[in-house]
Structure formats: C-alpha cells, structure tokens
1. Only helical DSSP H runs with n ≥ 4 go in: add -39500 (n - 2.57) per run for chain B, normalise by residue count and round the 222 nm mean residue ellipticity to 500 deg cm²/dmol.
2. Tell me, how many Å apart are the Cα centres for region B:206-226 and for region A:404-428?
3. Which part of region B:741-765 falls in the paramagnetic zone of residue A:102, meaning amide N under 17 Å from the point 7 Å along Cα-to-beta-carbon?
4. Write down Rg/Rh for region A:140-268, rounded to two decimals, with Rg from the C-alpha atoms and Rh from the Kirkwood relation over Cα pairs.
5. First check a/c for region B:219-276, with a ≥ b ≥ c the square roots of the eigenvalues of its C-alpha gyration tensor; if it is under 1.5, answer rounded, and if not, answer prolate when a/b is larger than b/c or oblate otherwise.
6. Given a Förster distance of 30 Å, report the FRET efficiency between residue B:250 and residue B:415 from their Cβ-Cβ distance, rounded to the nearest 0.05.
7. Find which of A:258, A:190, A:236 sits farthest along the positive direction of the dipole of region A:170-273, computed with +1 on the beta-carbon of Lys and Arg, -1 on that of Asp and Glu, about the Cα centre.
8. When you have a sec, figure out the Kirkwood radius of chain B from all distinct Cα pair distances and drop it here in Å to one decimal?
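The values are calculated or read from the model by the stated rules, or taken from the named source; none is laboratory data. Here the structure is a predicted model, which means the values were calculated and not measured. Note that each Cβ is placed from the backbone with ideal geometry, even for glycine, and that neighbours are counted across all protein chains shown. We work out accessible area using only protein heavy atoms, side chains counted, and drop any ligands, DNA or RNA first. Shrake-Rupley method; radii C 1.70, N 1.55, O 1.52, S 1.80 Å.
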Amino acid sequence: MFSLLVLGSCDRFLEENPDNRVELNNPDKAAQLLTNAYSNAAYTFTEWMSDNVSYTFGTTKLPEHDQAYTWSEFTGIDQDTPSQFWTSTYDAIAHSNEVLAVIDNMDGDRAHKQAVKGEALLTRAYGHFMLVNLFAEHYDGATADTDPGIPYVLEPETVFIKKYTRNTVEEVYDFIEDDLLEGLDLVDDSYYANSGKYHFTRNAALAFASRFYLFKGDLNDCVKYSNQLLGANPSLYVKNIPALLEERINTDDYVRLYHSPNDDSNLLLMRQISNFHLPNLGHWPTRPLYSQLFEINPYGLTDERQDPAWVAGENGLSATKFEFLFERTSITSNVGFNYTIFLAFRGEEVLLNRAECYIAQNNVDAALADLLVLASRRYREIPTITPAQLKQALRSYYGSTNDQLNAFVYLLEERQKEFIHEGMRWFDIKRLDIPVTHMLQDGGMITLDEEDNRKVLQIPQAAIDVGGLEPNPR
Amino acid sequence: MMKFLVPIVLVFGIFVQTRGQEVTITGKVTATSNGDQLPGVSVRINNSVRATVTDMNGDYSISASPADTLLFTFVGYNVERQIVGQRQVINVQLEEVSTELGEVVITGFQEVQRKLFTGSAANVKMSEAKITGMTDATQMLEGRVAGVTVDNVSGTFGTSPKIRIRGNTSINGDNQPLFVVDGVILEDLNNVSADDIITGNANTLTASSIAGINPDDIESFQVLKDASATALYGTRAKSGVIVITTKRGKSGQTRVNYSGNFSIHLRPSYSQFDIMNSVDEMSVYREMYEKGLIDITTSVKAQNYGPMGKMFNLLNEKQISWGPNYTPNEEFLNIYETANTDWFDVLFRDYSLQQQHSISLTSGTEKHNSYYSLSFLNDNGQTIADNVKRYSGTAKNSFQFTNRFSMDLKLTANYRLQKVPGTQNRDFDPITGRYRRDFDINPLSYALNTSRSIRPYDDNGELEYFRRNYAPFNILREVELNYININVADIATQADINYDLTDNLTFRSTLQGRYATTQREHVIHEHSNQAEAYRADDTQYIQEANQLLFTDPNDPGALPKVVLPEGGFNNVNEDELKNFYIRNSVDWSSTFNNVHNISVMAGQEVKYTDRMARRVDGIGVVYENGGIVNTDPLMIEFLNQQGIQTYEISVDRERFAGFFLNGAYSFNEKYIFNGTVRYDGSNRLGKSKNARYLPTWNVSGAWNVDRESFFQVPWINYLKLRATYGLSANLGPNTSALLNLRSAVTLRPTDVETYLFIQDLENSDLTWEKLNELNVGFDFGAYNNRVTGTADFYKRNSFDLIGQIQTSGVGGNAFKWGNYADMASEGFEVAINTVNLTINDFTWMTNFNVGYARDRITRLDFNPRIADAVVQGGAAVIGGPRRGLFSTKFAGLDSRGIPTYYDDTGEVVYNYDLQDRENLRSILKFEGSAEPRGAGGLSNIFNYKNFSLNVFLSFKFDYKIRLDDAFSPRYTDFSSMPRSFVNRWMVPGDEEFTDVPVILDKETLEGGFTDYLSAYDLYNNSTVRVADGSYLRLKSVRLGYSLPGNLARRIGANTASVSVEAQNMLLLYSDPALNGQDPEFFSTGGVALPQPRLITTSITIGF
C-alpha cells in the first residue's frame, strides 16, 4: 500500500517533460506540423536518366550523376538519390500520419480541424503517389492488382523497428484516391497564412487530381478536375514568360519571378535540398540537344523558354529555373546545403493533362486550343491562329495526316520543353514507353529500352536489407 | 537470510568448550606511534569465539590457557598475535597500518571498513596525489589509480579531463564517471556530450563543476570501480564513481593553515614542433610563385595573404617597385625571409605567474566543530590571450546535539572570472572530412599554423598587418579585440542529519540545494578582424568572393553588400543550473555472538535538476560608442536566409527518484556477503511508463584468507579474495521514448512561417543502457606490510547500448537511435606499493599501478561514413573498439607527386567515396584504438629526515593517434609549413624517395581535376599520418622540506614546509613520428591549450 502510494506520487514527479518538446494538442500545432509534411528531397535526379541530357564535359560528376546517366543502381543515400527521396518523402508522410492520428479527437474549432485534416490527407496521398510512380511500375489497370507498389503507411510508427510490406500498385492507387478525394473535399485555403503556396491549396489539390487521373488513365476524371481548376480562362494559369522577361532586371531576378508565389500558374512550391541546379555538376542538355529541343518547332519562332540559360560545364546549357540558395550550418562557416524552390504543381501541367485527355478522346481541336493557350505565352511574337490552322501546320511540320498522332507528338514535345529540369519527363518516358539513348564519354551509346526494368527505380538498399522489402526485378 | 543464520551460530557454538588450566590475562593496548591508549580493541583467542574488547583506558581482561594465542585486532592497526605462555599480564603495542586495509571505504552512501568491503575501490589521499600548481583536482588522478585513465586534453582552466574508469561502457553516450562530493552527485554546469570534450569549443570550459573546487579543501578521492562498489548508485553508475570527500573540522585546538603556491609557466618553443623556419618557407612561397599560385592577380583577391601577397598588393598600389624585368622585389622579400618570427615568444608569456592562496581554519569542542576555508587563484595565463581568477569559500559545521543526534551543515560557493581567446564552434565538413573553425585566434594554433615570415611588428615597431578573411589582420591586435569573458558563480548548501533511533538503528538524511550560473560573453570589437571581415568590399573581386556580404534579392543587379556597416558583435551564452537533492536512509546493524555481523540499509532518494541555456547574439554593437547597437535590417535578412537564429533558448528538466536496499553479512570478519537492489525512475525517457523504471542489483563476497587458522604463511600479513557480479546502468544518449516534436522557422525566400518537425518518432521499446560485470580480485599485504597490493580482473558486457541504425525509412526516420548495440570488454588492474628501504632516517617507497581494458563492439548494425571514420577521434565500427582509428591506404606518390591510394580492390585511385558506409572495412585500414587501452603510473618517494623527494611518472599505451592535418591542395603564404616539406616532391623521380606530396601547380588546381584535390584531404587521414600514442611522461618532481618543530616555532608557527615542484617537464618516451605533437593533446584550436609546463614553489604554514 505504502509503496503504491510512493510509486504513484513518483509517477507524477517523473511526468515532467525533459525538454522543450512540443505537444501536439491543438489544430494550430497540427497545421505547423503539416508545414513539414512536404518532402525536401528532389526527384530531379530523373533528369539525368532522361533524354533531356547528354554527356556534359567539364562538370564535376558525383557517383549519383554517373549512376543515373547509365541507369545503374544508385549507391548514395544523400541528396539527389532515390534513397534520399524515399526516406525524405516517408518522413513527410510520417508528419501527416502524426496529425491524422490525433486530429479527430483534438480540442479545437471543428472547421479548422477539418481543413487541417484535409491538408494531411493530401500530403499523405501526394507523398505516396510520387513514391509509387518512381519505385513501381506505372499504373496499368490490367496488372495493377499484382504489380508490387510501395508500403502505404496509414499510422505513426511507435516501435523501434517495424516491419512493412509492399502494397500492390492497385492498393496504393486506391488509398491515394481515397485520401485525395477526402482531402480535396476538406481542404480550406482560408486557414493558410501568407500566400499559402507552400501548402496544398484547393487549386494545388485539383492539379494533383488532374495528374493522378491522367496517370491512372481515367480520362473523364482528369478532364473533370482539370476543368474545375482552369475554368473559363485557362491562360490565368499559364505563366506569361514574355512579360517576365520584360519585367526582369537580371537573370537572378527572372528566376525569382519564375517561381514567385504571386504567379497564379505556380500552384505548389516546395523547398528542396539538392545540388541538381548547380550548372557545374552532373549532366545537362548539350548545346545541340538544347537547340534541337527549342529551336526546331512548328512555328519556326524563337521559344522564349530557351533563354536565359546558364553555361553548364564545357558543352551544356541550363535553363534558368532555380534560385541558388544556401543553408549554412553557422554564420561563419561555408559548410551547408544547397537548396532551391521547386514548383511541384503548375497550371501549365493541368492544361497539358487536359489536352492529352482530349487527344486520347480524339477531340483534337479542343486539345490544340489548349496547346495554343500555352503557345501564345511561349513563342516570341506568335500570330493568333486557330486550332484548325495549327492542325495544318502540324501536318506539314510532321509530314503526317494523322492529326491525332500529330497533336500527341506535339503535346509531348511541349511537355518536354515546358518541364525541362523539373523531373516530369521521366514520368512521360515511363508511362508512354519512350526509349532513351545516352552517349558515353568515349562516344559509345547505351539504351534504355521501351519496357526496360530499370525504368522502375530499385527500392533503396536499406529498405531491402533492413526493412525486408521485396526488390524490383532487374 | 535470518533463517540460515541460525544453524551457523549453532555449529560454531560447539567449539566453545573449556580447556582447563585457564588463567585471567590482563593488559593494556596502546598505539606504537604516540603511545595513546586504544579503547575498543578486539582481543580474541585464536580458533575460538571467545573475545573481549578493551575499555576506555585500553585495558582488557580475558581468560585463556597457556597454549592459546591472543589476537589483537583494531581497525586501522595491524593484527598482533601473542602466545599466552606463562604470562598473566600482556601489554601490547599496535602498529598503525599504512596500508589500505586499515581504512574505511567511503561510497557516498555509507562508510565501510576496508576489510569488510567486497568491491573494487581505490583510495587516493590528496596529501599523496597532490600536484601543487594544478588547479583542477581531477587532473591529479592521472596515473594514480589502476584502471583509471585521465586524458588531459586541454590545459585551459575549466576543461574537464577525459576520465575513464575501466574503459568505456557506452558507444555513443557518456563514459565520464559520476562525481560525488560529500555524498551528493555533482551535476555538470551544462550538458556537453561525451565527444565534445575534445572540440575546443568554448562550452567545454564551463561544462565541469570540478573546476570550482579548491583542491586544498579535498581530503581524499575514493574511486569506485566495479559493480559492487557502485551498486548503490544504480542506474547512474555504469561508468564508475569518484567520491570526493572534503576536509572537515577537528575537535580540539583552533588551527589555522595557510598554503600558497607560486607557479611559473614555461612557454613552448619551436624546437618541440616540426615547423619550417622562414628561410625554408620563403623558398616554398617562391615555388608557389613559380607555379603561378601567387601573383599579382591572385594576391589582390586573396582571402588570406602573408609577405608574398603583401608585396604584390603593394606593387599593385605602386607603393613599391618591381625588381628587374618585373621580377618580385627581392629586397622586400628578404626582410620577411629573415624574420623567422617566434610566435611562441610573441603569444605566450615568459614565466607567467600563477598563484593559489588558500587559508583554512578548524576549531571545535566535543559538541561542535567547524572548518572554514577561503581560496584565491590567479593565473595570468600561459598566453597573452587567457587568464583566470577563482575565488572559493567553504564553511562546514558539525553539531552533536545529543548522543544520538548530530548534524553537519555545509555551505560552499565559488566564483570564476576567466578570459579566453574568442572562438567560434567548429564545423564538420562531410565533403572534405575535415573540421573547420573560422576566425580561429587560438594562440597555439596560430603559432603552429602561421607563417614564420609574417612579422608582428614592422621596422618602426608598429603593428604590421597582413590579410585574413579579406581584412587586415594582426594577431596581437586581434586577441585584444576578440575574446570571451567567462563568469561562473556556483553556490551550494547541504545538511546531513544523523539520528540513532536505537543502538542499532540509525536514520540518516542528506539534503542539498545548489544554484549555478555561467555566462560566456564573446566580445568581437568593431575593429577586430572578425568584424572587419563583414566590411571587406574593397574591390569587385572581394565583393564577389566574400561570403559575409549579402546579395540582396530585392536589389537585383547590385553587387553583394555590407550588412554590418558599423560595430561588432556581442554574443552571450548563459547557462543556469538549479539542483535539489534529498536522500533518506535507515541503517540497522548488529553483531550476534561477537562473530555474526549483519547490517541492512534501506533508503530513498530524489533529484530535481533544471537547466536553462540561452544564447543571444548582439549584432552591430559599437563598443567605442558606449556599446550602442546598430543592427542593419539587411543583416537579419541575411541571417534568416541562411537559417541562422540570433536567439536561442532551451531547457532541460531532469527528475529522478530511486529506492535502494543493501544487506551485508560477515562471519567473524572472515566471510563477507553483500547484496544490493535498487529501483530507479527517471523522466529522461519521456512519459512512457514501461521505460521509466529500472531495477539494478548486485551480489558480492569476500574472504579474508589470512583469518583462517589453516593459513599459516608468516610473511603474509593479510590476504583478501573478492568477487562481484551485478547489473548497473546509465541513461543513454538521445534518450526519448516519446514522440519528440520540435519547432523551427521555415527557410525560404518568402512565406516564412513557424513549423514543427519530428525530431524522433515514438520508441516504446527504449530502455536504459546496461552493464553486467563480473569482477574477481585480491588484496594482500606482505613482509610486515612493506609490500601491499591489489589486483582485479573483470569481464564486462555492456548491452542495450544506444546505437544508430539505418531503417527501411518507411516509418519516417531513415536513421533511428535505439537499444541496438552491445559491447564486450575485459581488463585487469594491478597496484603495488612497496617500502623498499628504511635505513635510519631514510625511506624509499614506490607505488606502481597499471590498468588495461579492451573493448570490442559486438553488435552495431550501422557503420559510420568513411568521412566520419578517418577523423582524429576515431569511430565506432562493429568488431572494433569503441573508437577505432581508420586510415586511407596510401599507395605512394604518382609520377607528378600527387598522393594515391589503394581502394578495396587494390586498384590505385586518387579519391574515395567519403559517403560510403558499406565497404568501410575493406577500403580503410584499421590502425587500432584511438583511445588508450592501458594506463598507469609510477611514483617514487624518498624521505630523509625533513626532506622528501617525489618523482611521479605516468604512462599510457596501446593506442594510435592521427597526426594533425598539415597538407592541402592549396597553400597560402599565410600558413606555416611542416619541416618535412623540405623533402617534398619536386621533380619526377622524387616519388621513389619521398612521401611528401607536391605543391600543385595552377593548372592542376584550376583544371577541375577534383580527384587530385581530394587526394590531399585523404593524405592527412592516410596510413602515413598515424603515430603510436604510447608515452611515458615525467609528470611531476617535487622536493619538499618541512621545518623541524623548533624552527617552525621560531617563526611563530606550529608546522611549516616548503616545496618546489616541476610538472609536465618532459616526455620520456613518445613515438618519434609525432614530431613533437603531444599525444595527450588534440590541437583543435578554439580554447584548447596544451598542458602547461609549470614550476611551482609552495609554502604551507600551520598555526
């Protein structure tokens, strides 16, 4: 009896928090925790695997650069590796799960709680969506229920070592769809401070839905959510590059305008710790590749996207999209991390997603109309033309009368140009079975086949060795 | 236990039988030394239980037969044997034991007679260990106790030495023993992690509380080594315990004692180090000029420059003229070529004085006694940039209220005022694998690393400036304008209550309250180089290169600009400690039939510790203008953009509660059994209740073999065998079982907001780090105790250690800390004390001890990166010791003089992937433990009449040391060069004869051959940059003379003595490959300084 009493008071004495840790007990703190539910790892390493680059001389090549370029297994675990993307994204997901575990039973304003829950569901869905598309086969309705996906994590980890298994791609997509739709329903922009662009706003969530249904092959839903965003005036969500070029004072300023949260086309901004954007590192489009991409176009006009550009190495070029920012470990030190602000969702993508659905639905005119909205803000002094005129132009440009195919090829080229250095090309290569050929330093060529196993990134070594996850076939 | 005691009593009762012809023997027992009557001496008939004790006058009476042998035993005295024979009066003189067995062992919880003590413990009396002139008492333990390793990693006042008792018990956590002063654990002033001691960061100076203790107040140290000795400390004792007992008052005459130590520092000199003179240096600089590394264009935009750069800048400004055909101005260079500056002379003080004055007073009656002491330490400093003052005071009063009730009250306070050179914390650069510390003005680092062709003064005796951080620099001016003021105030009060409830039952209580505050104020004056560096924008080159200038995003197109238009910095760190401690215990002890002694102790303790740390950076402080502050708003933006906060606050709350029970039984002082159980709880593991509590236990036994009747070895005076087995524990590092969320501010160009992040996920499996230990040992005395000694062997298994593992990452933490590592260790300790010679007034005594411990990590799932493994301090790798030193495998210089290495396949390469963890063992060479495995000491004491000579050597062995970084792909004319540069690679073919790499030419440096550049970083960490750490040091030599009584009285004193002592005079042995680098000292810069060489004159007078 006595000892029970002593132990009881002892327990209270020992309840004291040992430090300044924060307790998750109100919706404001839950929202602050979600501010970190956005992965700070970049997936732009996929650029080095894509046909956006060729062998660049005179740059420093870290192991991940060569491994990506030759589609070998990545050994590193730090920035710009699949492993870093994996761990950092699951870390972001853990933040969402901590919030989702307690939000319903938390004290506080119900509407605020609902909005927080919405953001948590969206961040959880987004993290898993990016993971499944990098580390598993692209969604294929026929095989998705057997294709191994990634573990979909629905609750916080509370033990030292927990075992996880891979869900199938179908299961992962189902979980994403559930979280996405519920999140879309609950999210409420009015609770965000500042521009809100570093969070899933309703617009960003719509863009996510647009990408999700496009990747899932659900054209109607893709069009539906794209329409909800684009509304009557899609050009609102297309960056006005000629205007930016006009406005900028110098190149640095152009970059800042490009990813400014005030630009309506920028839907979701994320801080990413990466060396990707440093022109003296890795692989870049070589000058011939760069001009082949931008200079040859159906209009024969100057593509505003090709300039300004940094010189990368001896023979490469880097479009100026990223600000060079540095996180220093202390004021007097030159040690730290390079980081940049990355555009996770842009209005242009939604427009192009919708156009792609229209093409698949053989609604070529509607698709070309969308593509012209983009073109009018990309090509210097482009005359006003109708979709019908563009259709003709494409016929002669591609030398084919298959308008649907012409539109599709043109669309793909626009996607490649619009999102160069942003990692999007890799998903197109993957979902559309595009082969990639790379020239090596000695002039030799290597090829990534249409349905190459290596298009599915290998599960990180630690997750296989320690976590016991099934590796992808090689 | 009681149940099985009864039969033992019965069995031995049988032997009580009459033997006839008995007579009554009487006598008096006195002490040999002073003839005092000894009350309470046990008088016993051998092989019988019949016994008595002497009365207040030392008299006894016992019946015995002529054939019996009487044994006279008394604590602190040698056993005396007398055969009765026909005598009826037997008077005996007992000789005081000078050996350990006579003592009591003070565990902090209780005092146990040494012969009844079952654990492994060593006592060190201050009077024997004292090295006059040493300011930190724990440093004196070096080489004194077998199994205790003391690394005095820095000689700067306040730096606690790295102390290990029996090696390491944790891989990543604290291995420093627990310090206990007068029964209460001495909390550190602030939390400095285990590996931080060697960083040289300013916080290392204010970590330890020991520095506040005046060594003259210390009576003795008790080092508790094995699980039995430390059992009562339960979950805090894994790394051993050092119990410090301070002096207390004595009843009787009032006595006043003064002691004064006057020490002079001897400064280091270049002869101890491997540094080029300025003539050789200039030839290297000329080579650099010839290779295009220094010329007029590089010099104008150089971050740092020495004489060569200065010449080119003056040429550029047309202040001097070119030599013939636009060659360098030789006349100008010659001035510096012959400068050969002795930086030690410039920066270190000659015969700088350190004084310690200490005065104490004791007085008392039978009812009350007191001890008061005051001390003052003033050290002018080894260098021109450091000094310290310490004031301390103690008041101790003991009251005997009644026969049963007594109380001790203690009040201690100390205050420290210290100045050290300004320093920043060092940073680890994982890209190069090097530590960096910008703006370092540590005088030793400066002397070792700065070109000797740079001069402090010009021809007119004015300060001469060169360039550092793009701004003018002169070290003499910099140490005046860039320094840290340290203030420590520490006050504690303690009460110890003793109440004898009955004759056998005692209640004890100890209460302590303590408050300490520490302040470090880093003054960076507006004219200091560190502040001026923020204003260095002389040319466009410098504007573009200077990292301390700000590129304003709102002012596109502008060059980087100054954000510290005026003023310097005032960076303040404050730590506050509040500590309360209460312990209550009940002791019960009884002896049955004179032979069965049972004692039981039960108790409870509670500790409450709050720590608060605050950092405030004042920016733009104009000292010359009364300290007004002008902070440019752009500076704040500049800092925010890089994620740097100017204000930080953190708290640390520790709550601890424990219950303990200890039982001891001894039979006839022959067989002793001891057992302890403890149950501890702490809040450190978070709110999780399953992790919060931990029971620990221990069992031990001892056998005093000499008390056996069959043991008839006349030359052995005592022999005790001991054995212990038990569990102890410690809280590990990074211990939090609960979800740990922290807040921070987002690092973005816009949309800045507060956010929370997951520091640690919940870990409901977390528990304490634990240690199982088996110890066996023996203590002996022989030849009238002229040879005494002790030896111990132990095996330890540390388990549930906190280690880091890599996870699947899916849960959110790619790396997790948890109980995932085990470490096994074994070792031995031997200590031998001998009296070698006693001839008339001459005695010669020797104490020798050695300890050796080997640890091996048996479970640790996760290796460090190659970058972490090759650093100076070593790294934890499975199968290796706790800190193993690893080297890159040097494969010679290539045909251009660039260093090359073998990779894991044996191929010759220039670079490794420093981030690699997988192939660490096959890529790197394991050199050995980076921490000493063996250590010991040897002291010889010679006494002749009133003279004494004490020669003390300490040694360490079996470990490896990484030599300080000396090579770099790019050198400047600001840096010194190692003397081995004379043998550097100069022309093809030299690679056959030398390992010293070439000075790279401009083309290689700037051609983007990054592999070649990293080859130099690997070189510093390669197999050729390793030395054996073993050393033998003449730690101290002391010659003392105590005045004979009549002489002392002539000066009005009762006792007086003088001594002269020299410490750290020389290394008798160290690996020649060290080239003068002290194996004990890590030259990390910052506030670290080597152990000073001191010559101390000491005077002690008692009135």
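1. Value at 222 nm, helices only, nearest 500: -3000 deg cm²/dmol.
2. So the two Cα centres are separated by 73 Å.
3. Answer for this model: B:741-744, B:755-764.
4. When Rh is taken as the Kirkwood radius, the ratio is 1.08.
5. Numbers: a/c = 6.01, a/b = 1.27, b/c = 4.74.
Note, shape of region B:219-276 comes out oblate.
6. 0.60
7. Looking along the dipole axis, the top candidate is A:258.
8. About 32.7 Å, per the Kirkwood formula over Cα pairs.
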